[in-house]
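Note sheet for the following structure.
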Amino acid sequence: MIPTALAAWLLACVAAVAHAGPTVATAGGRVEGTAAGGVNIFKGLPYAAAPVGALRWRAPQPAPAWQGTRDATRFGPACIQKRGPSLEGGGDVGPTSEHCLFINVWTPRAEPGAALPVMVWIHGGAFVIGSGSLPFTDGTVLARSGVVVVSFNYRLGPLGFVVHPALESEAATQPATANFGLQDQIAALRWVQRHIAAFGGDPNRVTIFGESAGAQSVLALMAAPPAHGLFQHAIAQSAYGLSSHTRDKARATGVKLADSLGLPGARASAKQLRAVPAERFAMLEDPKLTLAPSPVIGDAVLPRSLIATFRTGRQAKVPLVIGSNSDDASVATAFGIRGDAVIRQLGAGKLFVQQHYPDVTDDAELGRQVVRDAVFGTFARRIAALHAPRAPTWRYYFSRRPQNLVSTQPGVPHGGEIPVVFGTGDTCGCTAAPWTDADRAVSRHVTERWLTFAKTGQPDAADGPRWPRDGRLVGTVLEFSDMPTVQPEFMRDRLNLFISGGNLLDAVLR
């Protein structure tokens, strides 16, 4: 008869084996994740040291190593932000903390030498909200198709993007860093270079992709000299053509921020600023105390604007997919911007603009379409035209709404393509109506193109038309509607109108 103590020990061993998840030995230490849906998942891995105390508003530092096996079964907290649903409809981000620089990995083969393509997702949220752990960006479906998927958090709001005289004066090099959140993104990509092979990924086949502020981040990383060489392909979903901030504008905002925190404005010291509890930054109500939704021009990460960088050919020479949605203007509504108010701001210019929208008679609808085309469609076209001579470039327009929402949605809202790309419409709890078989078929088609692009640098699919490249002189779009359709010279006259007018709506939307 087995002694009671020995029996208990044996049962504990059996239970431990039964519940043991996949393990990976990283350079920082061993990690244990979970296996689900045919994929190995590792959550909440630190890719940099906690940016707290003396490390607040400093470049991300290496994460300390650990002894033993680290539990990687739970997401780390999101970065400090005002709580609420994400702009893309992805849900609440959950717990938040200043200690938030965590990365997540989904892999079909958690083994060195598998050398699978890697897709690194950069979340959106106007650089003030969001996280890498929202359900609609779960990487399981993509990973099951033979890629390693990575997501991560980066510093947001004033903790991620700030200029203040005290921080500038203490910087070892000038100009001082302003885009700490972009520095975090570069640190995450460096983590991928160092560690992803242990999870079955190929560090020489990395695709970065993101939506909204995540798409701005993709373009910023293409423009950032320190990020060059860290990725080979890029996908920008619904990037927007709003001007980045000058250092002077950012500095003035930083001084107002210090005032709002009860500090002596421009005379506040770096020590005083770092002593402010992190939660205070999440309680700020005035949107003018952040630099949302754009980064800052004039540091080592972003020396010049995106347009200036692409115009002079200084961006990374990587294949690019870029596009927008048929109702990207929904994000303007989320910020309280009404379409009819936009048209009123145009004044006499309304008559000139309306010539390009002959079938639209309602000012609210006209304003919605103008915002969509001027801020999103035009910017995608400008970036594509500037990048096409440097590297292969493809442009899309996403107009296909879920079958059960055709009668209630004016178009595909900002972020509406994300569950389609990730194949999460049945599981994310983020859709306004259940998916149909036709919706799932569209998702499989779009996902296949994104996956093939990550694997080969060409956004092909077994079914559907060949996707022609976009060009400087002839603009061509693949429209994702009920059937993917090639659209030569897509919205040419409208987009040329806004290109010639520059950032027509920038002042209106800020």
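The table below lists the values:
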| item | result |
| --- | --- |
| Heavy-atom accessible area ranking, 1.4 Å probe, most first, across K350, K317, K271, K455 | K271, K317, K455, K350 |
| Net charge dipole size for the chain [Lys, Arg +1 and Asp, Glu -1 on Cβ; Debye, nearest 20] | 1400 debye |
| Axial C-alpha extent at least 18 Å, average Kyte-Doolittle at least 1.0 - helices from the chain (DSSP) | 4-19 |
| Cα gyration tensor shape of the chain, rounded if a/c is under 1.5, else prolate or oblate by comparing a/b with b/c | oblate |
| Region 101-234: C-alpha pair distances exceeding 19 Å, % | 49 percent |
| Hz values of 3J(HN,Hα) by residue in region 418-425 - Karplus curve (6.51, -1.76, 1.60), Gly and Pro given as x | 4, x, 5, 5, 8, x, 10, x |
| Calculated from backbone phi, Karplus (6.51, -1.76, 1.60) coupling profile of region 50-65 in Hz, x at Gly/Pro | 4, x, 10, x, 5, 8, 5, 6, 10, 4, x, 9, x, 6, x, 6 |
| Net length gained if the chain between R338 and D460 were fully extended (0.36 nm per residue, minus Cα distance) | 40.1 nm |
| Inter-centroid distance (Cα atoms) of region 90-114 relative to region 254-312, Å | 27 Å |
| Ranked by how many other beta carbons lie within 10 Å on average, peptides 276-289, 378-391, 29-42, 357-370 from highest | 378-391, 29-42, 357-370, 276-289 |
| Computed lengthening from A54 to R83, 0.36 nm per intervening residue step minus Cα-Cα distance | 7.9 nm |
| Per residue value of the accessible surface for the chain (all protein chains in place, 1.4 Å probe), Å² | 40 Å² |
| Length added when fully stretched, L473-S407, from 0.36 nm per residue minus Cα-Cα | 20.1 nm |
| The chain - mean residue ellipticity at 222 nm from DSSP helices (-39,500 (n - 2.57) per run, n ≥ 4, rounded to 500) | -9000 deg cm²/dmol |
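The values are calculated or read from the model by the stated rules, or taken from the named source; none is laboratory data. Everything numeric here is computed off the predicted structure, so don't read it as measured data. Cβ: placed from backbone, ideal geometry, glycine included. Neighbour counts: every protein chain shown. Surface accessibility is based on the protein's heavy atoms, side chains included, excluding ligands, DNA and RNA. Shrake-Rupley method; radii C 1.70, N 1.55, O 1.52, S 1.80 Å.
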